[in-house]
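Some notes on the structure that comes next.
Every number in this text was worked out from the coordinates using simple rules, so none of it is lab data. Quantities reported herein were computed from a predicted structural model and do not represent experimental measurements. When we count neighbours, we look across all protein chains shown, and the Cβ atoms used for this are built from the backbone with ideal geometry, even at glycine.
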Ligand code: PGA
């Protein structure tokens, strides 16, 4: 895993946006794997700026998001579809029909998950995948457990994740406890992966990830150690536990 430590959140965001810009420049039909949460907001802001000021062109790109809460429709302000529209899709020239966020209202998550993975495959596969990391080491909503899902499907959120995400909701009781999430296999098939981490709250999990040198389903992000092209971009605060 290549690691880039930046001075600030803004520098982390710009570094990630640089990589997206380069990859889209190399392949205007790039398939983007996208993430939600607080961490990627600066990257999306920077991509929007580059679209407006420099004409960064998304017209031929496609996108697939990692996950969506079960029970929330795309127009619910807490849904990840809504988040993506607000932070990115409404402000760039990607065709809306080429953007995919799992459907939180699907009645058959298993069949839906298979279809989602198939759509990714048929689009040519994800060229660049953006990830955050949960304070518990999850990637997408693949939570620490004895076993991890390979394919996209229904997952239960851990207590830690529900607590971490309560800040976006009225109260912790309003946080959905299930999601449709891309599986570990779906993520690991991406050609290139960028994982972002910012702030002291991620320092412990990053030290586990970088110091351990072993893969464990108790820290799902450690599976990224097996992927040939992963870049971790983190700020100094998030990195602060690594050499402690
Ligand atoms: P965050 O979430 O960016 O809001 O910290 C990261 C994640 O849960 O993957």
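If each residue's Cβ is checked for other Cβ atoms within 10 Å, how do 50, 60 rank with the fewest at the top?
On the way: 50 19, 60 14.
Fewest-to-most ranking of 50, 60: 60, 50.
Secondary structure note: in the chain, about 30% of the DSSP beta bridges are antiparallel. Per residue, the average separation of C-alpha pairs within less than 8 Å and at least 6 apart gives the range 155-200 a relative contact order of 36 percent. Our note on the geometry: Cα centres of the range 61-98 and the range 180-244, 24 Å apart. Summary value for the chain: 25 percent relative contact order, contacts being C-alpha pairs under 8 angstrom separated by 6+ residues.
Please give the length that would be gained between residue 135 and residue 214 if that part of the chain were fully extended, namely 0.36 nm times their separation in residues minus their C-alpha to C-alpha distance (nm, one decimal).
Values: separation 79, 0.36 × 79 = 28.44 nm, distance 1.81 nm.
Here the segment from residue 135 to residue 214 would lengthen by 26.6 nm.
Contact order, relative form, for the range 67-204: 31 percent (alpha carbon pairs under 8 Å, 6 or more residues apart, mean separation divided by residue count).
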